[in-house]
Amino acid sequence: MSTKYVYKFSEGNGTMRELLGGKGANLAEMTNLGMPVPQGFTVTTEACTKYYEDGKQINEDIQNEIFENLAAFEKLVGKRFGDPENPLLVSVRSGARASMPGMMDTILNLGLNDEVVEGFAKFTNNPRFAYDSYRRFIQMFSDVVMELPKPEFEKIIDAKKEERGVTQDVELDADDMKDLVVRFKAFYKEKKGTDFPSDPKVQLMEAVKAVFRSWDNPRANVYRRMNEIPYDWGTAVNVQMMVFGNSGDNSGTGVAFTRNPATGEKALFGEYLINAQGEDVVAGVRTPFPISHLQEDMPEVYNQFAEIANRLEQHYRDMQDMEFTIENGQLFMLQTRNGKRTAAAALKIAVDLVDEGMITEDEAVLRVEPKQLDSLLHPQFNADEMKKAECIGKGLAASPGAACGKVVFTAEDAKEWAEKGEKIVLVRRETSPEDIEGMNVAEGILTVRGGMTSHAAVVARGMGTCCVSGCGEIVIDEEAKEFSLGGKTLHEGDFLSIDGSTGNIYYGAIPTSPAAISGDFGRFMGWADKVRKLKVLTNADTPRDAKQGRSFGAQGIGLCRTEHMFFEESRIKAMREMIVAENTEDRKKALAKIEPYQQGDFEALYEAMEGDPVTIRFLDPPLHEFLPTKEEDIKEIADELGITVAKLKEVIASLHEFNPMMGHRGCRLAVSYPEIAEMQTTAVIKAAINVTKKGNFSVKPQIMIPLVGEVKELKFVKDVVVATADKLIAEAGIDLKYEVGTMIEIPRAALTADEIATEAEFFSFGTNDLTQMTFGFSRDDAGKFLDYYYDNKIYESDPFAHLDQKGVGKLVEMAAKLGRQTRPDIHLGICGEHGGDPTSVEFCHRVGLDYVSCSPFRVPIARLAAAQAALKDK
Ligand code: PEP
Ligand code: MG
């Protein structure tokens, strides 16, 4: 049987959203429920996909099917397309599977032309209304279908108002509207070289094409990427009979929610306008009334609407967002959908629906978007103020939340200004470990370079600080303390606002509201924890991070990047000394300075985790992150080492690497200098002995060797670890167990995971490096060219943010299997940034990992994502 591309509303139902889109499926469902829905039909998402497959054309079969349905539709409603006596006018609206509010296009009043409008004027006995509808249609059609910008038409209206000496549209009469139609059409012809299409069937087909085309418009593409909506889903098109809320004072239009979408409060919430069409409500030209006011204006209509709203909520068992129109006192439902809501409202509604007996706890867990929890954990921009905000650019949404403050360009200035009580946003070309203290006091961090796993992004996420990274359009002059973006130049001290959840950068100050976890949070997360199979650990480099992760429910530390313990200025010198040491003796001296810091921090980490696993990764510093660059730092280290500045510069030059990410880092350091592994093992074990001796809980350190690609290099380092650890434990005379495992972050390790598992007691997938090495592009530089890949539909999303399940995921799955073959009780987890990304967490569940580990502020997200993965798998 040939594919059916068009469905009458009466042929579909609510389960068909993949084919009919959300709007189409719900219009069908409301029709089936006997609700007053203006009738029509839906052209399917498959027709949209076919349109693109056929080179952006609607083929003849689909066109015929549309016209056949149109004919049946005309019969059903007793009106005809192009018939001046009894005209059928329709709206043509997009409707994708997942709702994408405002992203695609809508055309109203389609079917009008010079003859029809005359008949329509007679039929409605309201020429002004008829011509107003006609000019609106020409304007919308020209904008959406023919890409003639709307403001050009607004200019024509303004000129007309000036001529007539009036200021408001409503002051223009029927003749003025008629004249506007003439002017609009003349403008159209001048720009397009052809007459405005008068045949309603041509108008219809062009409008359907325009909606299909709008699936691919830039704002829809960006929205999809942010919301992980696949490009190949396509949008459906709904063709629906127009009803007119602007046909007099007994008419109106509005939008309402069954519960408050901002707070979740259970009460009808919304607004309406009398004598208006949908776009008037959206445009905000007139101030609408609250929905409760309708009870006085039109009590019968209100009661009918309230009853329908209630039925819809009961039917869908979720908060509904509805559009309605009243035409001459008669109510019509134009749309219903599960309403978008703030995170706070999502939690309250989910919990209330459980308490009202409408849904189960498991269903409630599925009702909140994991990513949404971010907004409870970080400050957000004040929604009203956002409407006035001026967006001057966009970078990567590297660490969520909103930040507003005065611009500073160096970490030192950040510290100084913060000490004076100023709120600051730190703007840097890129960040490095020496910026850490400045980053720590910043409200937000903005960088010109660097991807989702760059230093700025990883560190900011760890701190829970808002960060937008890799905005390459910024022209920065750090010396002059200024930068330019989007036509604005900002100097030190100027206000800037950034949104780390969207990547948007705004000129000036936008007030923020603080993070707010409500009372429902704990109860809700408890339901999530009951069902998830994956454990959720945290990536924590400092005792502060560990406590933060613990407070968000982390069940241990899955990754402590020990080199990050040296970001503080007082410690970084020792680290640099170690790196630039030219001989074992100097290196040991530097290591001796490092050891007590490490031991102290490890003790604090064990204490914070109260016996839960603490995974300590041995040093993995990509050298470029730590080499001193400033003259005064070089001088200080030279003095410490007792060598000349020139000599030290020579050493630094000799350490230069062409590709530090693939250079002398990871376990290669310990292979070259086993004393590093020896020192770190000593710190790990001595700290464990001290904490164990206190007797509150037992500690079993997990020692993790990074960047292994060959079992023999793992064995080499492990031998050093075991010899050092066993000696210390024997000397202490206590029973202390520890494990030695590895990160799987080089493709060769994944390919030979069966061999690696002979030595490794656990695997932690380092998917930042594994992604970098599998794709063969640098995690720091990919941001420069990935946009071209999105634009050309080669990649749909950043593989450093969402795990590439096809390629990198295949390596993960294979290595997990090989590892378990060799060592059935091996623990498997992930600690790359993907560990806090909901779709990647779902993947980890599916391939049977034991845990995910992510930055502290993403722990709740991972807990919820893991629960949803388990429920979807049931
Ligand atoms: C990784 O590579 O995924 C990882 C966690 O290590 P890092 O980001 O420190 O290289
Ligand atoms: Mg790594």
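Values computed for the structure shown
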| quantity | calculated |
| --- | --- |
| With 5 Å bins from 0: P(r) over region 65-145, alpha-carbon pairs, percent | 3, 15, 21, 20, 19, 14, 7, 2, 0 |
| Computed Rg/Rh of region 167-290, alpha carbon atoms with Kirkwood Rh | 1.04 |
| For region 81-124 versus region 522-572, the gap between their alpha-carbon centres in whole angstrom | 55 Å |
| Sum of -39500 (n - 2.57) over DSSP H runs of 4+, divided by residues of the chain (222 nm, nearest 500) | -14500 deg cm²/dmol |
| Net dipole in debye of the chain [+1 Lys, Arg Cβ; -1 Asp, Glu Cβ; about Cα centre; nearest 20] | 1500 debye |
| Computed over the chain, Cα set: Rg, Dmax in Å | 31.5, 102 |
| Trypsin sites (Lys or Arg not before Pro) within region 788-842, DSSP loop, no more than 16 other Cβ atoms inside 10 Å | Lys793, Lys806 |
| Range of Cα positions in region 795-874 per principal axis (Å), largest first | 34, 28, 26 |
| Loop GluC sites (Glu not before Pro), region 633-719, which have at most 16 other Cβ atoms in a 10 Å radius of their Cβ (DSSP) | Glu657, Glu710 |
| Extension gain (nm, one decimal) between Glu300 and Lys209, 0.36 nm per residue minus Cα-Cα | 28.8 nm |
| Length-normalised contact order for the chain - Cα pairs under 8 Å, 6+ apart - percent | 9 percent |
| Accessible surface, region 141-243, averaged per residue in Å² (probe 1.4 Å) | 47 Å² |
| Sites Val77 and Phe775, calculated FRET efficiency, Cβ-Cβ separation with R0 51 Å, nearest 0.05 | 0.40 |
| Cα centroid separation - region 1-34 against region 381-424, whole Å | 46 Å |
| Rounded to 5, the percent of DSSP beta bridges in the chain classed as antiparallel | 65 percent |
| Percent carbon-and-sulfur accessible area, the chain, ignoring ligands, DNA and RNA, probe 1.4 Å | 49 percent |
| Euclidean distance of C-alpha centroids, region 847-874 and region 146-209, integer Å | 54 Å |
| Cα-Cα separations in region 470-583 greater than 23 Å, expressed as whole percent | 63 percent |
| At most 16 other Cβ within 10 Å, DSSP loop - GluC sites (Glu not before Pro), region 98-192 | Glu147 |
| Among Ala753, Thr724, Ile705 the positive-end extreme of the charge dipole of region 685-759 (Cβ point charges) | Thr724 |
| Volume per residue of the C-alpha convex hull in region 617-707, rounded to whole Å³ | 134 Å³ |
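The values are calculated or read from the model by the stated rules, or taken from the named source; none is laboratory data. Note that the coordinates shown come from a computational prediction; the quantities given were computed from them, not determined experimentally. Cβ: placed from backbone, ideal geometry, glycine included. Neighbour counts: every protein chain shown. Side chains are part of the model used for accessible areas, which takes the heavy atoms of the whole protein and leaves out ligands, DNA and RNA. Shrake-Rupley method; radii C 1.70, N 1.55, O 1.52, S 1.80 Å.
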